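Here's the structure we're looking at; comments come further down.
The values are calculated or read from the model by the stated rules, or taken from the named source; none is laboratory data. Remember, it's a predicted structure, so these values are computed and weren't measured experimentally. All Cβ positions, glycine included, derive from the backbone under ideal geometry; neighbour counts span all protein chains shown. Note: areas computed on protein heavy atoms with side chains; ligands, DNA, RNA excluded. Shrake-Rupley method; radii C 1.70, N 1.55, O 1.52, S 1.80 Å.
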Amino acid sequence: MSQAAKTVNGVHTELLVQIYGDRVLILVTQLGKVGSLIEASIPMTTPLPLRPIPPALPNPPASIQLTPLLGQPPSEHMQILYNLYASQIATIWWTSNEKEGMLRKPVVVGIALKKGQGDASEVQGDDESPLLEHERVLFREVMDMLSQLLH
C-alpha cells in the first residue's frame, strides 16, 4: 500500500493506492472516507497512450469504461468531475505501471471531495461543464501526487 497527503487550497487531501490480485484501488479523499466508487476499465485491444513528459497528463483512451459501483456524488456537476478523476487516475496508473500483467487491471477509484466555496466569477471553460479554479488546482495537485507516488 502506498499513500500520500498534502494540503491543497487549505484542505487536507489524502491519496491511497492498494494493489489487489484482480484490480487496483485508488482513493482520493478530503473527508476521511471512501466516498463514491467508480471502476475504470479498458478493453484488451485498446492501445495505451504513451507516458507523456511531465507535467503533461496522458489522455484517457476513448474506449475507457466507467462503472459506478457504490455511492453517488452530491450533484450532476460533481458526477462529471468524479468521472474525470476516475478516467485520469486510471490512465495514469495504466501508463505508469510497467509490471507484467498490471497494465490492464481495472482501477477502482474512490472519491470523496469537499464541496468548494467558489463563485460564478471563477468559472472557466464552456457552459456545459464549467470548472471552478479551485477544482482545476485540486485536480492538478491530485494527479501530481499520484504520478509522484507511482514513480
task: Please give the helix 76-96 orientation as an angle from the longest Cα principal axis of the chain, in degrees from 0 to 90, rounded to the nearest 10.
output: 30 degrees
query: For Glu39, which sequence-distant residues (separation of 5 or more, or a different chain) have an amide H within less than 5 Å of its own amide H, given hydrogens modelled in the peptide plane?
result: Thr67, Leu69, Val109
- prompt: If we sort 70-83, 23-36, 44-57 on the protection proxy, mean other Cβ atoms within 10 Å, highest first, what's the order?
  reply: 23-36, 70-83, 44-57
- prompt: Per residue, how much accessible area does the chain have with a 1.4 Å probe, in Å²?
  reply: 56 Å²
task: Give the Kirkwood hydrodynamic radius (Å, one decimal) of the chain, defined as one over the mean of 1/r across all pairs of different Cα atoms.
output: 15.8 Å
query: Using 13 Å as the cut-off for backbone N distance, which residues of the stretch 1-44 belong to the label zone defined by a point 7 Å from the Cα of Leu69 along Cα→Cβ?
result: 17-28, 34-41
- prompt: Using the Cβ atoms and a cut-off under 13 Å, what net charge is assigned to the surroundings of Glu141, where Lys and Arg are +1 and Asp and Glu are -1?
  reply: -1
- request: Report, in degrees rounded to the nearest 10, the 0 to 90 angle that the Cα long axis of helix 133-150 makes with the longest principal axis of the chain.
  value: 20 degrees
statement: So, relative contact order of the chain in percent, Cα under 8 Å, 6 or more apart, is 29 percent
query: Per-residue HN-Hα couplings for the stretch 57-70, Karplus 6.51 cos²θ - 1.76 cosθ + 1.60 at θ = phi - 60°, whole Hz, x for Gly and Pro?
result: 9, x, 6, x, x, 5, 8, 4, 10, 10, 10, x, 9, 7
- prompt: Can you count the Lys pairs in the chain with C-alpha separation below 18 Å, eight or more apart or on different chains?
  reply: 5
